[in-house]
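The values are calculated or read from the model by the stated rules, or taken from the named source; none is laboratory data. Since this is a predicted model, take the numbers as computed values, not measurements. Virtual Cβ from ideal backbone geometry, glycine too; neighbours counted across all protein chains shown.
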Amino acid sequence: MPTQPGGRAIVKLDFLPERKCPHCGSRHLRIKARPGYLRCGNCDGSFRWNEKLGRLVELTRRRKYKRAPQFGRPAAKRAVFVEAKRLRSQTPPVPWPKVARLLTPEAYREDPRRAAEAIRKGAGTV
Ligand SMILES: [Zn+2]
């Protein structure tokens with residue numbers, strides 16, 4: 001069955017007629033330029049067809065995440081800064097140390113001043 005690498009040319013996969021990821025069974029397989037190499041868009045598994053073994057060999061460890069890592073800060077951290085900004089926009093504004101204590105209690109316990117400073121800086125960037 002033919003498959004499409006990057007939506008362009010059609011590559012025939014003699015060794016993988018089902019065109020399913022050997023690991024997760026997803027059909028989101030991307031065929032690499034090098035013949036016999038493919039990557040799964042779902043679990044990010046990389047596989048190579050091994051002629052000698054007569055089977056697909058997994059090349060790299062799979063990612064834990066389902067999606068590609070996003071640039072910038074993680075969403076959870078961003079949410080903290082957004083919430084910090086909200087607290088600061090109240091009248092009267094919640095003092096930074098209290099914001100830090102509320103939103104990042106662990107960091108606050110370790111070093112209240114540093115936690116307050118970190119959250120102040122972070123909130124300034126959202
Ligand atoms: Zn997969």
### Query
Among the residues of region 42-75, which ones are surrounded by 14 or more Cβ atoms within 10 Å (Cβ to Cβ) and modelled with pLDDT of 70 or more?
Asn42, Cys43, Asp44, Gly45, Ser46, Phe47, Arg48, Trp49, Leu56
### Query
Is one or more of the residues making up region 84-93 surrounded by 10 or more Cβ atoms within 10 Å (Cβ to Cβ), modelled with pLDDT under 95 and of a type in the set (Val, Ile, Thr)?
no
### Query
Can you name every residue in region 17-34 that is more than 7 Å from the ligand (Cβ to nearest atom), touching a residue at least 24 places away in the same chain (Cβ under 8 Å) and part of a loop (DSSP other than H, G, I, E, B)?
Pro22, Lys32, Ala33
